[in-house]
């Protein structure tokens, strides 16, 4: 692949992983896109020292921060987003629910990891 074709691909991935985590994180406070609590593993909910709603707000803050890190420090942010999405997918797989979302999150984690790797390539 030519160096000149890497830059637009990298930029598309970068801004996707800036915008999507921030939007999803903000939506944890409003539930306009979906009711995020439905995706929580029931075993996790029962182990929490606080409500599922509070957990989702904490998750939202983490996602917003991750999106900002991708913008400022793309390599680090990419690894953080990839890890976060993998953890989410594993909790969904562990509950044997929303398997389609789990697979989608694993694919997104691979894309975030790939973006992190591309960020170290001279563009």
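The values are calculated or read from the model by the stated rules, or taken from the named source; none is laboratory data. On a predicted model such as this, the values are computed, not experimentally measured, just so you know. Counting neighbours? That spans all protein chains shown, and the Cβs are built from the backbone with ideal geometry, glycine included.
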Flag if residue 29 is touching a residue at least 12 places away in the same chain (Cβ under 8 Å), crowded, with 16+ Cβ neighbours inside 10 Å and either over 23 Å from residue 121 (Cα atoms) or in contact with a helix residue (DSSP H, G or I) (Cβ under 6 Å, 6 or more places away or on another chain) (or both) | no
Before we move on, is residue 9 modelled with pLDDT of 95 or more, assigned to a helix (DSSP H, G or I) and out of contact with any helix residue (DSSP H, G or I) (no Cβ under 6 Å at 6 or more places or on another chain)?
-> no
Which ones in segment 65-78 are surrounded by fewer than 18 Cβ atoms within 10 Å (Cβ to Cβ) and in a helix (DSSP H, G or I)?
-> 65, 68, 71, 72, 75, 76
Which residue pairs have Cβ atoms closer than 8 Å, lie 6 or more positions apart in sequence or on different chains, and pair a first residue in segment 39-61 that is at positive phi and in contact (Cβ under 8 Å) with a residue 40 or more places away in the chain with a second residue that is surrounded by fewer than 16 Cβ atoms within 10 Å (Cβ to Cβ) and in a loop (DSSP other than H, G, I, E, B)?
-> none
